[in-house]
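J.: Quick one: the structure is below, questions incoming.
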Amino acid sequence: MTTPARNDVNICVATKNGSGSASANAILFKSIFKMGIPCSAKNLFPSNIEGLPTWYFIRASQDGYQCRKDAIDVMVIFNDATELQDVHKVRAGGIVIHDDSKPLRAELRRAGVQYIGVPAGNLVREHIKQPQLREKQRNMVYVGALARLFGIPRGTIEAVLKDTFGNKPAVIESNLLAIDLGYKHIEATGATQSVAQLAELPGGNDGKIMIEGNAACALGAIFGGAAVVAWYPITPSSSLVEEMIARIEEYRVDEHGHRRYTILQAEDELASATMVVGAGWVGARSMTATAGPGLSLMQETIGLAYFAEVPGVFIVVQRGGPSTGLPTRTQQADISLMHQGSHGDTRHIVLIPHDMRSAFELTWKSFDLAERFQCPVFVAMDLDLGMNLYSSKPFEYPDKPFDRGKLLGVKELEAQGGKFRRYFDLDGDGIPQRTIPGTDHPAAAYFARGSGHDSDARYSEDAKVYKEQLDRLRRKYETARKWVPEPIVENGSRSGVGVISFGSSMESTREARDRLRAAGLPTDHLLLRALPLAPEVGTFVADHKEIYVVEQNRDGQMTQILRDEFPKHADRFRPVLVYDGVPIAAGQIVSLINSQRGT
Amino acid sequence: MSELARQTQEAANRLNLTKKDYVGAESTLCRGCGHDAITASIIQACFDISLDPKRVIKLSGIGCSSKTTNYFMNQSFGFNSVHGRMAALAVGAQLANHTLVPIGVSGDGDTASIGLGNFGHMIRRNIRICYICENNGVYGLTKGQFSATADRGTRAKKGWINPWDAIDLAAFAITLGATFVARSFSGDRKQLAPLLEAALQHKGTAVLDVLSPCVTFNDHEGSTKSLKSIRANRDALNEVEFMLPEPTDIHVDYAEGTDARVRMHDGGVVTLHKIKDHDPRDRTAALLTLERGRKEGKFMTGLIYVNENEPDLAEVENLGEVPLSFLGEKELRPSREALDRINASLMQ
Ligand SMILES: Cc1ncc(C[n+]2csc(CCOP(=O)(O)OP(=O)(O)O)c2C)c(N)n1
Ligand code: SF4
Ligand SMILES: [Mg+2]
């Protein structure tokens, strides 16, 4: 027998969607977290409400990696429909946990894999009185079994149940009963395993918060001052707005009971985007959250906002496309659509969070940038970041006051002698001055339009005037390079090999680089946090002859942007592409880099 | 004329503004276009009720009609947006500042074809807006294709025959819960201006479906909406007069229940009918009136439906006195302590 790995295990639970496994999995995950062990969870769920297969991954990682692990150490096969495939997903030497209320089918047997049976079905039938609770509580049985097998103290589970169900003692009791059925069964049979042991790390997760990326963005939006939210439900972005609905009232009701916000569910994304623009033009901080199909519908209005220069925040939680694609799987395949959204010559600001803190931070910052640059600002999330739980350092309070950019009120208009030219490049940075309706000054009003206009907002089809405006908008984009969050660069490997990653690919890239270093290939790294590319990216590109760009899409959308920006160095960029909808794992990155290097 | 003489000649309204303060850029529409006549009525109505231009926002989509927001009230903010989306733009604008008075101008293509969905949902939400659909039965700006309000059997300039029934915007609006629905004719300022005045003061969605001849693409033989310039025909056809039922802080001084037959360029005739003995607060009666008009081949005009008792969007959304657009960091960003509490609650 090998010595069990300490606090390092990847458990996959295969169940049916809607069977109540979500809450069992959450209890299991939170218990490991409570033990102080670095851990993360990923939910691979179907586009369905009930019945289709779903897989939940819990990874405990001594090194703190929060990305998906390639190898599955333990597989809980609680879904008849997928068990045959599931048993083959476990690594050699791994464990299969099965419900042995009925005998294990012969074809599920694999050599070199340990099988541990728990008669969960029978146990709940015998011990749970309410028949309607049995299917749900059957899942709690494997929680108990795993707890006993891997060393999760019963007391920790009980504490988590209390955290979760606080004031519902009956619920806590009934869950604990089912968990104990599994726990005691393993105890009684004396089953053991030597794959991994979980050992408490007292204080290990102290001071850490646990949250999903969508909730982090929702909080970021509230702290960023979002006042008008217009949305249309779509996975995986709905939970972002729903989190706002759940939380915002606490902070945004005035002394008379009136709201200082509004969250309106629009009739479609044509409307939600246009509402954002209407509200942004009138001067409220406005936003929407959507996914690929919604982003497609919003395109025309995004161009309008760009050309009429209206602020607005568009949070895009990317999922598998094209069309409906894989709506419950993750991808980074809407980068081009955000960056060059709409017809005609456009370029947009895109902020790219890579963890919970940056999801919070970049979201509140997006409102400042939208007002500073008077344009749509995109926050590029994805399903992996948005809908999975991560542990994180606590959120930091915004370190800057609201930046409303070159917004002129009555006082400012007076101060400049009542003169105001809406689309005139007063400062040479491409950013004009702006006023909002309701400003009580005769010089404030202007006419916004998506058609050709001159510096004074007058209709114009003049060739020179039109080109001037297009060039100024490009100048604005150039100015933005120095305003958007700069990349985080890690140099010093001296290998000349660089890796660029962004968003949810960052964490797997970190693990992959550790593995590459251990195998003799140290690398430098640049974490992209925004488009347009900041000046630091140019330096990194100049300094590295071989640059791997890790992306979760088929065509290397970020690689194309990089090649376009650095045509002289176009051949330096080597895309590392994973686009099957399953969160990218370090092993995939390592092997794609190795195969391109011929090693 | 001396400056003084000019000033004394020009009447001022309660805000001490003259009609000049309500005009906009010079129109670039075809001469005789019905839309220009509607613009004149808008100017008249806004002047008459002393509407403060600084409180008005002018919103539109795309089309000849949508261009006209540029042709009145230069001192107001305006937004000429994209085709079919003005309704949604208005909802967003209204949420951001519900103290503004939106005047929306759209066309029948903009409203009844590409924008029908957003138009319908704007109505449902009862946002405050004076929404004018300048209805000519064609796409003027793209040169004469049918819109969704073109009548069945009508012939386009290109020779096509329209096989579909027209969408009746007034009936559509009432069905979806519009709280003010009126119909009029571009050439009848005497009826239209007071209706606009009422619509501008209505706290909710006011829809005005205004027949507005396109003299360039819908004024040929075979078109059922081809209206000859009303000015040229007015004398021959009797003054078109309309009754305005309750509520009226609007002046009415003309007979009710009459038809006005408007002769067109091609010699055809459209019959406008001034509704009489009509209770505009009765929704069923309003729909029946429209249906009767349809059966008799008459375009029923006047205030068709009004309901002042529905809350508008700002009320439903429970917005306060200060518009969201004028709230600052103090009101919008929760405190440092609030974030500390959130962080603590996320530590399990
Ligand atoms: C998305 C989109 N599709 C098509 C067009 C072309 N287009 C411009 S105006 C118009 C129709 C306008 O008709 P209507 O609203 O009735 O206005 P009118 O010109 O008759 O006053 C069309 C189809 C467009 N601008 N945008
Ligand atoms: S084309 Fe028709 S609708 Fe357009 S301006 Fe000319 S007359 Fe008016
Ligand atoms: Mg039209």
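J.: Quick one: what Rg and Dmax do you get for chain A from the alpha carbons, in Å?
T.: Calculated on Cα positions, Rg and Dmax stand at 26.6, 88 Å.
J.: Measure nothing but the geometry: give the 0 to 90° angle between the long axis through the Cα atoms of A:463-480 and the longest principal axis through the Cα atoms of chain A, rounded to 10°.
T.: 40 degrees
J.: Running Debye on the stretch A:5-197 with equal point scatterers at the Cα sites and no solvent, what base-10 log of I(q)/I(0) appears at q = 0.11, 0.14, 0.15, 0.17 Å⁻¹?
T.: With no solvent term, the Cα-only Debye profile gives -0.44, -0.74, -0.86, -1.15.
J.: Rounded to the nearest 500 deg cm²/dmol, what is the calculated helix-only ellipticity per residue at 222 nm for chain A, with -39500 (n - 2.57) per DSSP H run of length n ≥ 4?
T.: Value at 222 nm, helices only: -11500 deg cm²/dmol.
J.: Roughly what % of DSSP beta bridges within the protein assembly as shown run antiparallel, to the nearest 5?
T.: Close to 30 percent.
J.: Rounding to the nearest 20 debye, state how big the charge dipole of the stretch B:69-195 is about its Cα centre with +1 on each Lys and Arg Cβ and -1 on each Asp and Glu Cβ.
T.: 100 debye
J.: At a 1.4 Å probe radius, carbon and sulfur cover how many percent of the accessible area of the stretch A:488-597?
T.: Of the solvent-accessible surface of the stretch A:488-597, carbon and sulfur hold 48 percent.
J.: For chain A, which longest stretch is free of loop sites, where a loop site is one of the GluC sites (Glu not before Pro) that DSSP puts outside H, G, I, E and B and that has at most 16 other Cβ atoms within 10 Å?
T.: Looking at chain A, A:51-199 is the longest stretch - no exposed GluC sites (Glu not before Pro) with at most 16 other Cβ atoms within 10 Å.
J.: Here's a follow-up. Go through A:Pro583, A:Asn594, A:Val499 and say which Cα lies farthest out towards the positive end of the charge dipole of the stretch A:488-597; charges sit on Cβ, +1 for Lys and Arg, -1 for Asp and Glu.
T.: A:Asn594
J.: With the alpha-carbon atoms as the only input, what is the per residue convex hull volume for the stretch A:168-222 in Å³?
T.: It is 180 Å³ per residue.
J.: Which ³J(HN,Hα) values in Hz, rounded to whole numbers, follow from the phi angles of the stretch B:144-154 under the Karplus curve 6.51 cos²θ - 1.76 cosθ + 1.60, where θ = phi - 60° and Gly and Pro get x?
T.: x, 6, 6, 9, 6, 9, 5, 6, 5, x, 6
J.: Another question, then. Please calculate how many Å² of accessible area chain A carries per residue, with a 1.4 Å probe and no DNA, RNA or ligand atoms counted.
T.: The answer is 37 Å² per residue.
J.: How large is the translational diffusion coefficient of the stretch A:188-256 in µm² per second when you combine the Kirkwood radius over alpha carbon pairs with Stokes-Einstein at 25 °C and 0.890 mPa s?
T.: 155 µm²/s
J.: Under 17 Å Cα to Cα from A:Lys102, which aspartates and glutamates show up? Leave out anything in the same chain fewer than 8 places away.
T.: By straight Cα distance, A:Lys102 reaches A:Asp80, A:Glu83, A:Glu126, A:Glu135.
J.: Same structure, new question: Once amide H atoms are built 1.01 Å from N in the peptide plane, which residues 5 or more positions from A:Gly341, or in another chain, come under 5 Å H to H?
T.: A:His348
J.: Can you pull the accessible area of A:Ile152 for me, 1.4 Å probe, Å² to the nearest 10?
T.: A:Ile152 exposes around 0 Å² with every protein chain in place.
J.: Using the Cα gyration tensor of the stretch A:388-480, with a ≥ b ≥ c the square roots of its eigenvalues, what is the shape: rounded (a/c below 1.5), prolate (a/b larger than b/c) or oblate (neither)?
T.: Oblate.
J.: Test of the criteria: in the stretch A:476-524, which trypsin sites (Lys or Arg not before Pro) are in a DSSP loop and have at most 16 other Cβ atoms within 10 angstrom of their Cβ?
T.: Sites meeting the loop and neighbour criteria: A:Lys482, A:Arg494.
J.: Relative contact order of the stretch A:320-446, please, whole-number percent, based on alpha carbon pairs below 8 angstrom and at least 6 residues apart.
T.: So the answer I get is 19 percent.
J.: Please turn the phi angles of the stretch B:271-288 into ³J(HN,Hα) values with the Karplus equation 6.51 cos²θ - 1.76 cosθ + 1.60 (θ = phi - 60°), one per residue in order, whole Hz, x for glycine and proline.
T.: Running phi through 6.51 cos²θ - 1.76 cosθ + 1.60 with θ = phi - 60° gives 9, 8, 10, 7, 6, 9, 6, 10, 8, x, 8, 9, 5, 5, 4, 4, 5, 5 Hz.
J.: While we're here: With +1 assigned to the C-beta of every Lys and Arg and -1 to the C-beta of every Asp and Glu, and no other charges, what is the dipole magnitude of the stretch A:211-392 about the Cα centre in debye, to the nearest 20?
T.: It comes to approximately 180 debye.
J.: Need one number: buried accessible surface between chains B and A, 1.4 Å probe, both sides summed, DNA, RNA and ligands left out, in Å² to 100.
T.: Accessible area lost upon association: around 5500 Å².
J.: Taking θ = phi - 60°, what integer Hz values does the Karplus form 6.51 cos²θ - 1.76 cosθ + 1.60 yield along the stretch A:496-504, in sequence order, with x for Gly and Pro?
T.: Going residue by residue, I get x, 9, x, 10, 10, 9, 7, x, 5 Hz, with x marking Gly and Pro.
J.: Just checking the output field for A:433-446: average partner chain Cβ neighbours within 10 Å of each residue's Cβ?
T.: 5
J.: Whole Å is fine, so just give me how far the alpha carbon centre of the stretch A:193-225 lies from that of the stretch B:321-338.
T.: 29 Å
J.: For the stretch B:131-199, which whole-number percentage of the solvent-accessible area (1.4 Å probe, protein heavy atoms only) is attributable to carbon and sulfur atoms?
T.: The value for the stretch B:131-199 is 57 percent carbon and sulfur by accessible area.
J.: Near the amide H of A:Ser460, under 5 Å away, which other amide H atoms are found, from residues 5 or more places off or on another chain, if H is placed in the peptide plane?
T.: Amide H neighbours of A:Ser460, under 5 Å, 5+ apart: A:Gly452, A:His453, A:Asp454.
J.: Also, I was wondering about something else. Among the listed pairs B:Lys157/B:Lys276; A:Lys406/B:Lys330; A:Lys406/A:Lys476, which have their C-alpha atoms separated by more than 25 angstrom in this model?
T.: Pairs exceeding 25 Å: B:Lys157/B:Lys276.
The values are calculated or read from the model by the stated rules, or taken from the named source; none is laboratory data. Small disclaimer: the values here were computed from a predicted structure and weren't measured. Positions of Cβ are backbone-derived with ideal geometry, glycine not excepted, and every protein chain shown enters the neighbour counts. Keep in mind that these areas ignore ligands, DNA and RNA; they rest on the heavy atoms of the full protein, side chains included. Shrake-Rupley method; radii C 1.70, N 1.55, O 1.52, S 1.80 Å.
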